[in-house]
Structures are given as C-alpha cells and as structure tokens.
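Values in this text are rule-based calculations from the coordinates and carry no lab data. Being a predicted model, the structure only gives us computed values, none of them experimental. FYI the Cβ positions are ideal-geometry reconstructions off the backbone, even for glycines, and counts take in every protein chain you see.
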Amino acid sequence: MNKAFVREPDDTGTGHCPRCGSLGIPVGAETLSAQLDDETRKPLADAAFYCPYPKCEVAYFDPYEQTVGVDRLKRPAYPKDPSAPICNCFGFTATEIDADLREAATFRIKALLVKAHSPEAQCTTAAPDGRCCAAEVQRYYMRGRSKSG
C-alpha cells in the first residue's frame, strides 16, 4: 500500500489510553513479550504503553490504538488487581506494606528496596510496566501513612 494512504500516529513519544485517557507508561518489546503470550503480543507495535489507571480494563496499547486487556496478561498486575504483588520480582504485596504501617516500622520495605536495586531484580520483564517497584511501594506507604494520621 502506498504510504500516502496510511495514517501515521500523531505523536509516538507519548500515549494516552484510548479507553480511559490516562497517560501511558512506555514499555519495550522485552516487557511485552514477557507479559503476553505470542498471539496476544502480535497486534501491538514495538512502541507500546502500559495503562496505569487501576480501574481501566486496558493493560497495553500502542500509538495505533491497538489494545490488550488486563484479562490477557500472563499473571495479575498491580494496581489493576490490588491483590497482585506490587513487586513481581520478589512477590512483595500491599499486605506487607500494610504490616509495616501497623507496626510503625519499615523493615519489610527497606529489605525490598535493597533487593529491588540489586542485580537479582528483573523489572524489565517481571513488572507489567517494565519499571522498578520502588516508587510505587513508597507511594503506597506514604498514602497509608497519611490515612493513619
């Protein structure tokens, strides 16, 4: 087909989820291949995005508005599924952060953050957004702390 008749995306540097409008998190082919089976992965472009909005049914989308639903992921993903691990590399869950909050301690969180910055962490392939969990763990902790006063 002649390229003159193919509509190029307006902006491939940023992407908003076609379902909820949230700003997507860029992910690479390595992350997509680790999180999706081959058949589900096929329609997505190599430059794709993860939708971080917890209530949105879309997990991944690309600049051409191809989407993959949360139900097509190989395993549950936080924050789409609140019971899923926040850190897929080490299986760290919100329950563990809640325990640190109850005990007014950060032993579990500190231990995770050390591991999250070690060579053992495989964030690019283990995390659905391809990023380290440290920022999300700290956000969750601070939200919990502000709720408890």
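Quick notes
- Residues that are under 17 Å from Gly69 (Cβ atoms) and surrounded by fewer than 13 Cβ atoms within 10 Å (Cβ to Cβ) within region 24-41 comprise Asp37, Asp38, Glu39, listed in sequence order.
- Restricting attention to region 84-99, the residues that are assigned to a loop (DSSP other than H, G, I, E, B), in contact (Cβ under 8 Å) with a residue 24 or more places away in the chain and surrounded by fewer than 21 Cβ atoms within 10 Å (Cβ to Cβ) total 2.
- Of all the numbered requirements in (1) polar (S, T, N, Q); (2) touching a Phe, Trp or Tyr at 6+ places or on another chain (Cβ under 8 Å); (3) under 29 Å from Gly144 (Cβ atoms), Thr67 misses one, and that requirement is (3).
- Checked against (1) touching a residue at least 40 places away in the same chain (Cβ under 8 Å); (2) in a loop (DSSP other than H, G, I, E, B); (3) surrounded by 14 or more Cβ atoms within 10 Å (Cβ to Cβ), Glu65 passes all but condition (3).
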